Structure formats: structure tokens, C-alpha cells
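Working notes for the structure below.
The values are calculated or read from the model by the stated rules, or taken from the named source; none is laboratory data. Quick caveat, the model's predicted, so the values are computed rather than measured. Cβ sites come from the backbone with ideal geometry, for glycine too, and all protein chains shown count toward neighbours.
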Amino acid sequence: MRICGIKLTHDGAVALIEDGRLVFCVEQEKRANNSRYQKIDNLDAVVVALAEHGLDARDVDRFVIDGWWGEVESQFQVLSGAAPITLKGAPYVEGHPEGLLTARDGFGLMLNDTDFRYSSYPHVTGHLAAAYCTSPFAKAGEPAFCLVWDGASFPRLYYVERRAAMFLECLFPMIGHAYAAAGYHFGPYKQANRINWDLGVAGKLMAYIALGSIDENIIKVFQELYEERSATFMEPVGRCSEDSALEPVHEFFDAGALRLKTRAPEDVLASFHCFQESQLVGSIASALQRHSHLPVRNLCITGGCGLNIKWNSALRAAGLFDDVWVPPFPNDSGSAIGAACSALAADEGFVPLEWSVYSGPAVQPSDVPPGWGASPCSMRKLATILASNKPVIFLAGRAELGPRALGSRSILAAATSARMKDHLNDIKLREHFRPVAPICLEDRAPDIFSPGTPDPYMLFDHQTRAEWRDKIPAVVHLDGSARLQTICRGSQHKVAELLVEYESLTGIPLLCNTSANHNGRGFFPNVAAACHWDRVEQVWCDGTLWTKTP
């Protein structure tokens with residue numbers, strides 16, 4: 001059985017599951033240096049993705065489109081070749097508590113001039129299915145709670161087991177976009193008109209708040225305003241527009257700005273982060289008491305807010321759950337996988353998916369521009385180059401899924417110089433306060449970080465131990481934390497082999513790791529793109545080192 005999942009709106013992607021195994025997921029932003037959050041506006045993208053894996057659309061048994069805006073149904077205006085077509089899909093959220101797997105069936109999916117039928121499930125179903133089916137809980141046959149918190153939804157709590165899933169409750173009335181909205185009122189991203197909405201602002205604020213301090217008096221202001229105004233907050237999800245849902249949120253922050261105009265913006269944002277974190281942890285604790293008849297000690301976190309590593313860590317540290325799982329694609333970059341998993345769940349239940357995070361596009365052949373010389377390069381030689389404090393673009397095998405570079409489309413560098421973080425931020429045109437992540441051998445991580453537990457997808461917060469901060473300053477954030485990625489020493493991925501060699505040379509089992517991409521665009525698809533970028537002088541790809549000639 002081949003199931004093709006399609007995400008048409010922002011973070012557009014095509015995924016294929018065959019007999020319970022993820023064959024590929026191609027996010028449009030990872031093609032041809034496309035812009036971040038690229039949509040699929042032409043169905044030819046589906047045809048191309050299938051053809052790259054030797055498949056025709058007629059080889060697919062089921063097509064599934066991720067649901068989107070709409071209370072009853074969603075609509076998509078796309079092209080098939082040069083012909084405009086309209087497709088109808090499921091709404092954003094389920095119609096009733098047990099309606100997650102209620103499909104909307106359609107026809108008119110034109111691929112290569114052939115008309116295919118398709119199904120569509122609610123957008124939140126895709127998030128839940130992708131998170132649970134990739135989790136260790138699914139593999140163990142254990143039920144779990146699932147927190148789905150997207151930009152355009154309130155935090156929604158679900159219960160999922162092998163046979164079914166159901167909606168339990170909204171935890172509190174605050175859409176995920178509120179976090180980014182705070183940045184349009186305070187700090188470096190403040191805008192008077194708030195017209196240009198940037199999906200990346202929330203992640204930048206998560207870094208910026210390390211400049212500030214948490215102030216209980218500021219938190220008290222937000223608490224009072226929330227109690228006064230929370231009844232006006234709306235969950236859009238098709239019931240209203242995203243703009244109208246944001247109006248009361250902006251009014252909330254306008255009122256806060258009047259009362260906090262003498263406070264430093266970094267303190268205001270740090271305190272608002274803490275306010276929301278307390279809301280989240282406290283509301284989940286209360287919900288667990290209300291649903292104590294469900295003796296579940298597992299939690300999946302998904303939706304765009306699942307990228308907030310500090311909230312993830314707070315929930316893990318609260319002691320409410322035995323285990324917390326966040327997939328590497330909690331935002332809409334995982335929605336194509338989720339659409340396919342929804343159809344799988346409708347047929348077989350919420351069964352475990354066989355998958356790898358390195359299931360994106362392979363490195364594409366390319367013509368490297370003049371001025372770059374190629375030579376064979378072993379991992380030992382590459383480790384020596386890195387030890388001399390020179391960054392290297394590292395392209396290996398298939399791209400990672402989701403928004404984090406995890407060693408397949410990375411810029412790697414030694415972490416031993418504080419200047420390296422500034423250098424990497426400069427060449428990537430990033431703000432000075434943005435952190436650079438460490439990629440570390442898993443068995444050494446507890447010696448260097450707290451807790452230092454396995455974190456292969458860079459989705460939790462870790463504190464750098466005091467005795468290591470001066471040894472690896474480039475990966476230590478302003479608050480002493482690190483967005484750690486761990487990788488097993490015995491992994492077949494080339495970056496693990498490189499880390500072993502680097503450790504043997506230097507005694508340090510980690511490197512700086514940041515994404516290899518143009519500012520505001522997806523990962524480099526090939527060597528030529530990295531060379532044309534021309535901001536790092538050495539590019540390693542599958543055994544060959546390309547070096548810019550003087």
C-alpha cells in the first residue's frame with residue numbers, strides 16, 4: 001500500500017509511505033534554494049517528487065491532502081501544469097471530539113493529465129498522527145496524551161491509543177501566534193503597523209529573551225490583562241480570519257505596552273515567555289487531574305509551538321510524565337507525513353511508522369562554478385581542517401526532515417573560540433544574540449551538558465556545565481544554555497564518523513552546527529549552491545572537499 005501525503009499551503013511538502021515505512025518527504029523549501037515556508041502552487045511538484053523515486057502517480061494507492069482553513073471544509077487554488085483547478089479538503093480542526101479520522105473525500109487531483117481521487121483529514125489530525133506514529137509510544141503500543149499547539153490554534157489536548165484518538169479540551173484561550181505577536185510590540189522586531197508577519201520571529205525571540213531577566217511584577221501585569229481580556233481571544237481555525245483573531249491579541253499587548261513602557265523590552269519578553277510557560281505547565285497539570293481516569297504517563301508535543309525548546313524542557317522537567325516526545329518536524333514541515341499517517345491510522349489504527357529523519361531530498365548533481373578546486377578528503381583530514389578553526393559546509397546523503405540542520409546540510413566549525421559564534425552569525429546575516437547549536441557524541445553529552453540526555457533532533461534546552469563553558473564558548477548561549485543535538489557514536493551518518501575523528505584529535509566530542517542555507521531560504525540542495533553563496537571557503541560533500549582557490 002502506497003500512500004502519498006500532500007501539504008499544499010505554507011511548508012508545502014510531498015511524502016510517501018509504503019507498507020508502513022516512510023520512503024521520502026520532500027519539503028519545497030529544500031528545493032532549488034526556495035524561500036522558507038514555500039507553498040505548493042503547482043501539482044507538478046507531486047509528479048516530480050514521485051518520479052525522483054522511480055514512481056508514477058498511478059503507482060500510488062491513496063492520495064491524501066492536509067486540511068486547512070475552514071470550519072466545514074477548506075479550499076485550495078492550485079495549478080496542474082498550466083491549468084488552474086480548485087481542490088476541497090478537510091477543515092483545520094475536527095468537527096467533534098472523536099472526529100479526527102473523519103475524512104472528506106474528493107476528486108479532481110490532476111497529475112500528469114490524469115484525474116485521481118483523494119482524501120483529506122483535519123490539519124490537527126496530521127500533527128497528531130505524525131507525532132504519535134513516529135513516537136516510541138507507538139512502537140511500544142502505549143497510549144499517550146498529545147498536545148497540539150499551532151500558530152492559529154489554542155493549545156489542544158488529545159488522547160491517542162492504537163485504536164482511536166479523541167479531543168479532550170483546549171487548555172487555555174491563547175493562539176500560538178501570541179508569542180510572535182509579543183515581538184511586534186516589544187524588542188528588535190517591533191513594528192508600528194504589524195503588517196509583515198514573519199513565521200520565523202517566534203524562534204528569534206526565544207533566543208533574544210536570554211538578554212533579559214524575568215520580573216514578577218511584569219508577569220503580574222500580563223496575568224491581570226489576561227484575566228481581563230481572555231474572553232475576547234478567538235481560535236480562528238476557519239471560524240474567523242487570522243487577522244481578526246490577532247486583533248484582541250494585539251490589543252492585549254497594546255494595553256501591556258502602556259503599563260510597561262519604562263521596562264526594558266528584553267525583560268518584558270522574557271517575562272511574557274515565563275508567563276506563557278507557567279500557563280502551559282499549570283494547565284496541563286490541571287487537565288491531568290480532570291482526566292485522571294486515563295492513567296497515561298506519556299506526552300507527545302506537536303504543532304508549531306513544539307519548536308519552543310524551553311517550553312518542551314519545562315514540560316519534561318515538571319515531573320508530570322514519564323516520557324515526552326517531540327518529532328523533528330512538529331511544525332507544518334511534518335504535515336505531509338501527517339496526512340499520510342492519518343490515512344494509515346484510518347485503515348490500521350495509530351500504528352508505528354518506520355522512518356528516518358534523513359528522508360529528505362538527496363544532494364543533487366550540479367556544476368560547481370569556476371574558482372573552486374576538488375580533492376578527495378577523508379574524515380581525518382576534515383577533522384584536522386576543523387581543528388584549525390576553519391568552518392566547513394558539510395553536505396551528506398539525504399537532507400534531514402524539519403527545520404533543524406542535523407548534520408546533513410550543516411555548516412560545521414570548532415566551538416573552542418568565542419569569535420566563531422560571531423563569525424557564523426555574520427556570514428549568515430543573523431543577529432548577534434542568536435545561538436549556534438552544538439552537535440555532540442551522545443555518550444559524552446552528559447559530561448558537558450545538563451541534563452545531556454539523548455536529544456537527536458535539537459528540541460530541548462540543556463545547560464552547559466560550568467567547567468565546559470570556557471572550553472566551548474561558541475555553542476554556549478547568553479543564558480548558559482545550548483540547543484543540543486546528540487548523535488550516537490556508532491551511527492552510520494558521516495557526521496558521527498567526523499565527530500569521532502575530531503574527538504581523537506582534540507579531546508572535544510562536539511562541533512558548532514548551523515544550517516547551510518541562504519538567509520531566509522531552505523537548505524542548499526547541492527555543492528554548486530554552497531559555492532555560489534561564497535561565504536565559506538570549503539565545502540565537503542560525500543568524500544570530496546571543494547576549496548575556493550585564491
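Some points to look at:
- Counting only strands (runs of 3 or more DSSP E) that sit wholly inside the stretch 453-550, those with at least 3 residues that are over 21 Å from Lys421 (Cα atoms) are 544-548.
- Members of the stretch 76-107 found to be more than 14 Å from Asp41 (Cβ to Cβ) and not in a loop (DSSP other than H, G, I, E, B), listed by number: Lys88, Gly89, Arg104, Asp105, Gly106, Phe107
- Single condition Cys377 does not satisfy, out of (1) surrounded by fewer than 24 Cβ atoms within 10 Å (Cβ to Cβ); (2) within 19 Å of Ala437 (Cα to Cα); (3) touching a residue at least 40 places away in the same chain (Cβ under 8 Å): (2)
- Hey, Ile218 within 25 Å of Ala255 (Cα to Cα), touching a residue at least 12 places away in the same chain (Cβ under 8 Å), assigned to a loop (DSSP other than H, G, I, E, B) and among the β-branched types (Val, Ile, Thr) or not: no
- Arg21 of a type in the set (Lys, Arg), buried (at least 18 other Cβ atoms within 10 Å of the Cβ), at pLDDT 95 or above and not assigned by TED's automatic domain parsing to the domain that holds Phe523: no
- Positions within the stretch 251-272 being of a type in the set (D, E, K, R) and farther than 20 Å from Ala231 by Cα, in sequence order: Arg259, Lys261, Arg263, Glu266, Asp267
- Residue in the stretch 211-218 that is farther than 24 Å from Ala482 by Cα and surrounded by 15 or more Cβ atoms within 10 Å (Cβ to Cβ) present: yes
- Meets criteria (surrounded by fewer than 22 Cβ atoms within 10 Å (Cβ to Cβ), within 23 Å of Lys390 (Cα to Cα) and in contact (Cβ under 8 Å) with a residue 40 or more places away in the chain) for Arg469: no
- Answer residue from the stretch 221-245, given it is of a type in the set (Phe, Trp, Tyr) and not in a loop (DSSP other than H, G, I, E, B) and is farthest from Phe272 (Cα to Cα) among those: Tyr226
- Test: residue in the stretch 297-316 that is basic (Lys, Arg), without any contact (Cβ under 8 Å) to a residue 40 or more places away in the chain and either in contact with a Pro (Cβ under 8 Å, 6 or more places away or on another chain) or farther than 30 Å from Cys531 by Cβ (or both): yes
- Only a single criterion out of (1) under 27 Å from Trp540 (Cα atoms); (2) crowded, with 16+ Cβ neighbours inside 10 Å; (3) in contact with an Asp or Glu (Cβ under 9 Å, 6 or more places away or on another chain) is not satisfied by Ala413, namely (3).
- Meets criteria (of a type in the set (Lys, Arg), part of a loop (DSSP other than H, G, I, E, B), free of Cβ contacts under 8 Å to residues at least 40 places away in the same chain and outside the structural domain of Gly480 (by TED's automatic domain parsing)) for Lys261: yes
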